[in-house]
1. Can you work out ³J(HN,Hα) from phi for every residue in the range 48-53, in order, using Karplus 6.51 cos²θ - 1.76 cosθ + 1.60 and θ = phi - 60°, giving whole Hz and x for Gly and Pro?
2. Gap in Å between the Cα centre of the range 46-95 and the Cα centre of the range 198-215?
3. For the chain, give me the percentage of DSSP beta bridges that are antiparallel, rounded to the nearest 5 percent.
4. Select from the range 664-693 those GluC sites (Glu not before Pro) which occupy a DSSP coil region and have at most 14 other Cβ atoms within 10 Å, ordered by residue number.
5. Whole-Hz Karplus ³J(HN,Hα) for the range 616-626, in order, using 6.51 cos²θ - 1.76 cosθ + 1.60 and θ = phi - 60°, x for Gly and Pro?
6. Run the reach check for LYS268 against lysines, Cα to Cα strictly under 25 Å, same-chain hits fewer than 8 apart removed. What comes back?
7. Once the piece of chain linking HIS712 and TRP356 is laid out straight, how much longer is it, given 0.36 nm per residue of separation minus the C-alpha distance between them?
8. Please enumerate, by chain and number, the aspartates and glutamates with C-alpha under 15 Å from the C-alpha of LYS544, excluding those fewer than 8 residues away in the same chain.
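Just so it is clear, none of the values below were taken in a lab; they were calculated from the coordinates. Fair warning: this is a prediction, and the values are worked out from it, not measured in the lab. Please note: Cβ atoms are built from the backbone with ideal geometry, for glycine as well, and neighbour counts cover all protein chains shown.
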Amino acid sequence: MKDAILAHLRYGLGKDASHSSVYDWRMALSHALRDRAVDHWIPSTQTTYARKAKRVYYLSMEFLIGRLVEDMAANLGATEEARAALAELGQDFDTLVRDEPDAALGNGGLGRLAACFMDSLATLGIPAMGYGIRYEHGLFEQDFVDGQQIEKPETWLSQKHAWEFERPEVQYSITFGGHVEHHDGRAHWHPHETVFATAHDTPVIGWQGRWGNTLRLWSAQPVKIFDLASFNRGDYLAASRSEALARTICRVLYPDDTTETGKELRLKQEYFFTAASIQDLIRRFLVTHDDIRRLDEAAAIQLNDTHPAIAGPELVRLLVDVHGLGMGEAIDLARRCLGYTNHTLLPEALERWPEWLFGRVLPRHLEIIREIEATQQAEFAGSPRILDHGNVQMGELAFIMAHKVNGVSALHTDLVKQTLFSDLHRIHPTRIINQTNGITPRRWLHTCNPALSGLITGAIGDGWVADLEQLKALKGKTGDAAFLSDFMAAKRHNKERLSNWVQQTLGQSIDPDAMFDVQIKRIHEYKRQHMNILETIALWNEMKANPGAGWQPRVKIFGGKAAPGYHVAKEIIHLINDVATVINNDPATKDLLQIVYPPNYNVTMAEMLIPAADLSEQISTAGKEASGTGNMKFALNGALTIGTLDGANVEIREHVGAENFFLFGLTAQEIMEARKQPGFARATIEKSPRMQRVLQQIAEGRFSPGDASRYHGFVGNLWDHDYFCVSLDFDNYYDTQRRADEAFGHRDAWAAMALTNTAGMGWFSSDRTIQGYARDIWDVGPADAKTLEKTG
Ligand code: D6G
């Protein structure tokens with residue numbers, strides 16, 4: 001390892017040890033690790049080709065991979081070796097880890113899920129390729145100025161990405177616009193614009209290096225660098241038009257995963273990466289197979305939400321226009337290859353494009369969608385339409401073109417059947433299935449929480465890392481006082497680590513003995529961070545009114561970004577920061593209640609916050625959070641959940657036991673009913689003196705001195721509208737928080753409850769989720785069972 005690092009430093013970076021910066025050392029370390037990855041990667045690819053094995057193609061607009069050094073070292077079993085080698089060279093492993101930019105190629109849960117899935121596919125030895133976009137700028141960087149979010153471009157690629165291999169030879173033409181002519185019995189698309197898609201491959205190595213898959217991200221290149229004739233005429237803008245288009249396509253990740261932007265560029269991005277991926281997988285198939293009609297035997301294509309739903313028409317287009325299949329046959333074959341995962345019921349997140357826009361960008365695809373529609377209507381008269389009221393509906397398209405459609409938690413899947421796709425479900429009663437989300441235990445326990453993971457391994461061995469159900473063995477330890485004390489010592493260690501970081505970065509001191517109550521996720525009204533901050537104010541009021549009531553000290557920790565155009569979410573951020581300014585400085589309560597909101601929440605921050613949490617806030621309006629995966633990370637790391645019966649909370653509660661979960665709030669069904677009553681919010685708030693008082697304080701400017709009207713719109717909305725039903729759940733939420741306080745006061749009982757959470761979370765490994773997809777959707781297994789046995 002030491003030699004490898006020095007060799008990379010010298011020949012890769014052209015530096016000697018005495019003149020090397022932290023960046024140089026990190027790159028050298030990364031490349032030394034990458035070399036080892038390659039030694040697992042190439043044989044995996046070779047085996048897959050040799051066996052003509054079926055591959056999974058996971059198409060996702062987002063891969064929220066975060067940093068990779070620690071992950072890669074851990075999966076290769078090389079962490080200690082790297083640490084020791086660096087120490088001999090006078091370098092600190094952890095410093096290098098912290099130097100890596102956080103690859104934020106995603107918004108939140110959907111993108112992080114894709115990253116967890118890649119880890120599990122490799123760990124399970126299932127041949128797979130993740131396909132996405134190599135955004136030049138990932139999710140924006142968040143800063144707070146006077147308590148308000150400001151956005152700055154993220155610049156992860158301003159340094160070389162250490163892990164990728166550029167593949168200039170893997171290049172496809174992606175075309176847009178123009179018109180279609182029909183002659184010689186075929187369609188001929190004459191596009192107006194073309195860019196090249198070029199592959200960048202990152203190896204993804206499973207636990208203990210058993211298998212290596214590829215994350216292939218596409219970047220756009222201009223067809224010609226610039227037009228010399230225009231340049232020579234002095235028309236510099238025209239000269240670089242082609243370059244500008246290419247640059248734009250991969251420039252930014254759209255900073256919003258819940259609203260459809262309606263922008264032509266977004267459609268181009270989606271088509272760009274999907275079309276490149278489909279061309280790539282067909283090319284690969286034809287290396288080992290002759291008959292394109294058998295594509296489904298070698299390729300399972302999964303659509304991570306509707307963003308890549310154009311894969312259906314694109315695959316049909318290539319099968320018909322290039323490979324000469326009949327339309328009906330092509331549609332059937334495409335369907336056998338495709339699976340679609342639905343991630344949301346929120347109407348604003350369901351992608352639809354005006355037909356005129358869609359037809360302008362993808363004229364041939366619009367024709368094919370009409371054929372798909374006609375085929376569907378011929379077979380199932382009255383089926384819901386893809387083309388409806390002048391829109392192309394991507395949800396319906398994805399459903400109709402997939403042989404399986406899955407929801408991401410049991411409750412969500414039921415709601416998909418009952419509401420979103422009820423008519424399609426009636427026509428295709430076996431198509432919708434459930435695959436509850438999961439998280440990779442490698443990153444989300446083993447690596448992010450060494451204190452706890454070391455303790456667990458000491459007690460039950462390290463088999464749990466690749467077989468998380470083994471954590472069940474910890475149930476036997478819930479009565480073991482010594483073990484519980486070690487368990488709480490690990491938590492305490494993580495809380496101290498976090499407290500030190502908060503002190504260093506925010507200059508705020510927090511007490512590691514207080515309850516750390518954490519809500520980290522995108523800021524959205526349905527996730528109800530505003531309910532949390534209102535409850536914080538109510539608690540503060542009570543603390544001041546009854547100072548002697550033996551209050552449990554609490555630190556309320558928030559993290560998350562708001563979509564730049566989402567006004568209410570930005571108001572919620574402002575409110576949290578405003579409330580923090582007042583409460584944190586109140587001498588009467590400052591030792592009892594603190595609010596911490598570090599800016600720029602990302603994967604790396606999550607890796608520090610989650611292991612330090614006592615209480616996990618999963619308080620969405622029931623029926624709105626499809627699954628959640630943060631909820632799983634917290635419970636796995638020994639936090640108790642305060643939550644509604646929403647998404648995967650329902651299943652988490654079943655697995656850890658109702659007595660170890662703080663449940664409150666209306667059910668999805670009750671919410672739907674309650675909402676039908678006009679004026680429900682006003683009527684409810686009038687019955688809650690506690691909530692009334694809080695709203696009044698906000699409205700009077702208690703937290704916005706000098707600007708009393710700042711939150712008038714926000715407060716008015718809660719009184720008169722409250723679509724996300726904060727009013728209906730507020731009092732119950734407040735009371736349940738006090739039950740949590742009470743429970744936290746009994747530290748031994750709390751420790752047993754927390755340990756029961758960890759012990760019960762084995763089912764939520766993304767290995768289990770991927771096994772479900774492999775069995776129920778993809779019909780794939782490990783490529784090389786023998787090697788797996790030998791090495792595993
Ligand atoms: C990955 C791993 C590399 C392999 C390549 C194959 O980059 O070792 O050669 O994939 O790519 P295809 O030829 O299958 O696209």
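1. For the range 48-53, the Karplus curve yields 4, 5, 4, 8, 6, 6 Hz.
2. First find each Cα centre; the distance between them is then 8 Å.
3. 45 percent
4. none
5. 10, 8, 10, 10, 4, 4, 4, x, 9, 8, 4
6. The reachable lysines, counting only those whose Cα sits under 25 Å from LYS268, are LYS152, LYS224.
7. On the way: separation 356, 0.36 × 356 = 128.16 nm, distance 4.03 nm.
Fully extending the segment from HIS712 to TRP356 adds 124.1 nm.
8. Output for LYS544: GLU535, ASP586, ASP591.
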